[in-house]
Amino acid sequence: MKKLFSLFLFSISLLMGRAQEVDFDKKTNILTVDGVNAFKIERDGCGFGETNCHYDVMDLEGHKLFKVNYRDFNSPVEVSKANPNGTVRYLEFVFFETKQKAEVDFPGIKCEKIGKIIAKNHLIVDGKVDPKAVDEFVFSSGTPFSERVKF
């Protein structure tokens, strides 16, 4: 019985610890999660010198679900030899239906990295925004970056 229980716990830990496989097809802008087409991400204005970088997250039919904006600001607290301007970079998730926002560290410019955040937090389920997952994401992430910006 003890061995059976140990085997059961081991198998659960394997299933729970399995990471999602996320791939992005640059031609179709479709992100797949564990081999299943999940949603589309289109990047706009994120080239060198662009000032308005954002990502539109859509269902597979092309209907916009929410938007992810790249934001940055300079903070004297962040000034260092590696970061002489004290630039702070982050992503702002804007959920249209619920009029909620959340902010996370900037993982990089690639759509796949944005998609991993979305998949990890289960924000889209069966092609639709999951309101419960959005509430949890917004509550746990908050808006720590925009609260630091002084105008």
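The values are calculated or read from the model by the stated rules, or taken from the named source; none is laboratory data. Quantities reported herein were computed from a predicted structural model and do not represent experimental measurements. A quick note on method: Cβ atoms are made from the backbone with ideal geometry, for glycine too, and the neighbour counts reach across all protein chains shown.
Summary of computed values
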| item | result |
| --- | --- |
| Asp72, sole failed condition from (1) out of contact with any Lys or Arg (no Cβ under 6 Å at 6 or more places or on another chain); (2) at pLDDT below 95 | (1) |
| Every residue from segment 45-76 that is touching a Gly at 6+ places or on another chain (Cβ under 7 Å) and more than 21 Å from Glu97 (Cα to Cα) | Asn52, Cys53, Asn74, Ser75, Pro76 |
| Selected residue (only one of Ser80, Ser75 is of a type in the set (Ser, Thr, Tyr) and more than 20 Å from Ser146 (Cβ to Cβ)) | Ser80 |
| In segment 68-83, residue farthest from Val138 (Cα to Cα) [restricted to those that are without any contact (Cβ under 8 Å) to a residue 60 or more places away in the chain and among the charged types (D, E, K, R)] | Lys81 |
| Qualifying position, being touching a residue at least 24 places away in the same chain (Cβ under 8 Å) and either in a helix (DSSP H, G or I) or basic (Lys, Arg) (or both), among Glu112, Glu97, Glu103, Glu136 | Glu112 |
| Meets criteria (closer than 19 Å to Pro144 by Cβ, in contact with a Leu (Cβ under 6 Å, 6 or more places away or on another chain), among the hydrophobic types (A, V, I, L, M, F, W, C) and part of a strand (DSSP E or B)) for Val68 | yes |
| Spans of strands (runs of 3 or more DSSP E) in segment 10-51 with at least 2 residues at pLDDT 80 or above and not β-branched (Val, Ile, Thr) | 22-25, 36-44 |
